[in-house]
Structures are given as structure tokens and as C-alpha cells.
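Accompanying notes for the structure given below.
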Amino acid sequence: MRKVLAVLLLSGCTVIPSVSEGSGRAGRAAAQIPRYARDDIADPALQHAVWAIDIEDDSGHILYQRNAHTLVIPASNRKLFAAATVANCLGLDHQFATELWLDGRDLVLRGGGDPSLGGRYYSRDLTFAPFIEALQRRGITSIDGDLIADVSLFDRVTIPPSWKVGFLGETYAVPVDALAYNENIDDSRAATDAALHAAAALRFALAQSGIAVRGATRVNTTPRAWQERIATIESPPIHQLLTTVLKNSQNLYTDMLFKDLSANGTTPASFEASAEIERMFLTTEAGVDGSEFRFVDGCGLAVDDFVTPAAIVKLLRWMNAPSRRGALWDLYSTPGQEGTLHTRLTELAPRVRAKTGTLGGVNALSGIIAMPDGSWRYFAIVANHHTASSAAANAAIDAIVRAAASVEQR
């Protein structure tokens, strides 16, 4: 499985050059799109927004462009770039290990960068069952020392400094660390310390099973060797984790997977080191112009993230190359199904896969359209600095997507 997915993801694809907007068949198809782009942003709250749009077919013909090479705030469309990098560099079948170690009298919970531990893919009451069973097999009924949460795999920047202060404490802006439990949510609020939050959950599970921890709960942040590993919990494969990134637009999953890119076991992983890996992949393997993006977090929550629609389309074209399409097509949000498109573009469910993006004054949708004749179209539609509701902005965006999906020729 690992070798097959590696071949799918590491294969390059030919980037087909664009031609002028009005040429031939592409020009006839494009004639319908400007009408929708003009009419559906007639709302006064949208008219003065910055609209950035790129729509192309799979031959590289431009069907419609508007500020296609303008840097705009992508919101969660930024996740497309993080997801592609993670898939390419780590592999879709890769799993992350959360480990339990004994170290003298101490018990160590060692984080391996799994964003899903105790979350939506687990029966929460049974999350730590492999750890408890391993202790019980050894006849251990108490831990005389401390319970240590080891998060040394990641550096100590757990909140990207680019995030707005007003986001902090919300469940979509939780700390990013090498350990996570229940997506770092505690009583419907963001856990203030991800490591202690996970360790507290383990301590409670141990107590419920009759295993008392007599010492303190503390955090280790320095890489070191522990004495004896006694159990491991493996995450779902990256392929499954990325569906949560792209379908559900989950920020913690994205930022932890992004940071995992630079986790090597010796130097703590960092946003900066992962950004260098991502930039190298995007500019060399995916062929994205390095001047057409700048990212300062992994998930797109930062308003200092910038990218052009043309760069998004270039990445989508790379992701949808025949060698990768089969592995990646089902990762995106699908109209009418679970995820951020469950009520949008439902009539196009068999043909459209896309990624949404929403921040205050920002709405975006970028994706891929399968045409009835077997060809493909790619679109990136971003509205910045508008004062309309998200519903109104999304309605305008969806109308443009419907036009781009039309087979009408005039």
C-alpha cells in the first residue's frame, strides 16, 4: 500500500500553458461566466469587495479571470496547499504513534503528532484501552511516580503568532502540540495546555480502571530517551485524517499535520521548518510560482496568509493529474455530503469536489469540475473585504461555479 501511494503522489505532472481568454471553444464557453460574475455580485455589500477569480479548463485555456494574479486572503483554501504537501511528503498511508513508556517509577505519555487521539475516530471511553491493558498484563495496579506528558516532538510555539487575539479560546483556535486529546476541546472551550489536557484524560482513564497515579502530572519538552516502551496507539492513516482537513475544514488537524512535516525526532518540529518543506514542494514538484503565495500558519486562520487564484488552480491541476486523481478525489468536500458543502451545489454532487474558506469579510471556494465529455475544469473564487453575509457571498460564488460547470456553448 505504502509503495503504491508513494508512486501515485510522487509522480510529476505536465503543466499545460494557458492561452488567451477569447480563443476558440474556450472563448465560447467563457462567454457565460462573466454574466454570472457580473450579475451575482450586484449586492451592494459585494460590489466593492476585492474579487479574485481564475477558471480554466484542463487544456490550460482561461475561461474567466479577474485579479487572478492578485494576492488575496484565502481563509481555509490555504488548507489545500498544506494537505497536498502532507500527502506528498509523508504519504497517504502514514500513521502517527502515541506511545506509553515506563521510566523508573514514572509513566510517560509520548506524543507523536496525532491530531485524532480521543477524537471523532475513537470511542472516547476506549481511547486508552491499549495502554491500560498493557499495564494490567504486567500486574501494575499503581504508578508510584509521576505521569509525564512528553511533547518534545514539537517546539513550544503552540499558537501561531499570526492568529488574531480574538480567536484564542475558541474551539477552532486550539493549541497545536505533539499531543492532542478530543481535538483539544475541554467542556466546549479550547484547552489551554494540550499536553496537560491529554495527560489528565489518561490519568482519569487509569483511575477508572483501578490504576492510581500517586505522583504529579507534568510536561516534558526536551527530546530524551525513555527506558521502556510498553504500548502504542496508531492513528488512522493520513488519507483518513486529510478528509477531516478538507471536508470538515478542521484547523487542529491541519496545523498538527503541517507541523508533522518537520518532525524528525531530533530537532523539534516548527511552523517555520515545515513552511520551508512546503515551499520547496510547491515551487519544484507542484510548479507553483513562489511569488504567488505566502503562508504564516497551516490552516488558513491567519489573515496574513496570501495566495493568488492562479496559484490555487495550478495546485488543483497538480492534485488532479491522472497519477494522483484516484487517491485524492475523495478527500475534498462533496456537495450534499458531510462537510462544508453539505447544503451547497447539491445538483453538482457527482461532478464537483472543492474546498471552502470563510473568515470575517472573506469567502472562498476552489475546486475541480468533472465535465460530461470527460474533461476537467478548475476554479478558484475568492472574495475579500466584503460586508455581506457569508450566505450572500456564497450564493454569488456558487452561481459562478454553476456557470463554470455548464456545457452550454454559444
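The values are calculated or read from the model by the stated rules, or taken from the named source; none is laboratory data. Every value quoted in this text rests on a predicted model; they were computed, and no experiment measured them. We place every Cβ from the backbone using ideal geometry, glycine too, and count neighbours over all the protein chains shown. The area values use the complete protein model at the heavy-atom level, side chains included, leaving out ligands, DNA and RNA. Shrake-Rupley method; radii C 1.70, N 1.55, O 1.52, S 1.80 Å.
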Confirm whether Ser23 is of a type outside the set (Lys, Arg), modelled with pLDDT under 85 and at negative phi. yes
Among helices (runs of 4 or more DSSP H) entirely inside the stretch 294-410, those with 3 or more residues being surrounded by fewer than 20 Cβ atoms within 10 Å (Cβ to Cβ) and touching a residue at least 12 places away in the same chain (Cβ under 8 Å) are 322-328, 390-405
Given the conditions (1) touching a residue at least 12 places away in the same chain (Cβ under 8 Å); (2) in a loop (DSSP other than H, G, I, E, B); (3) farther than 25 Å from Tyr121 by Cβ, which single one is not true for Asn264? (1)
Would you say Arg218 is at pLDDT below 95 and among the basic types (Lys, Arg)? no
Matching residues in the stretch 261-275 - criterion: being at pLDDT 95 or above and open to solvent by 10 Å² or more (accessible area, probe 1.4 Å): Leu261, Ser262, Ala263, Pro268, Ser270, Phe271, Glu272, Ala273, Ala275
How many of the residues in the stretch 118-129 are surrounded by fewer than 18 Cβ atoms within 10 Å (Cβ to Cβ) and under 13 Å from Leu241 (Cα atoms)? 2
Go through the residues of the stretch 276-291 one by one and say whether even a single one is among the charged types (D, E, K, R), open to solvent by 10 Å² or more (accessible area, probe 1.4 Å) and free of Cβ contacts under 8 Å to residues at least 24 places away in the same chain. yes
Does Leu282 qualify as being part of a helix (DSSP H, G or I) and closer than 25 Å to His342 by Cα? no
Which strands (runs of 3 or more DSSP E) sit wholly inside the stretch 130-241 and have at least 1 residues that are closer than 30 Å to Val296 by Cα and open to solvent by less than 50 Å² (accessible area, probe 1.4 Å)? 147-150, 217-220
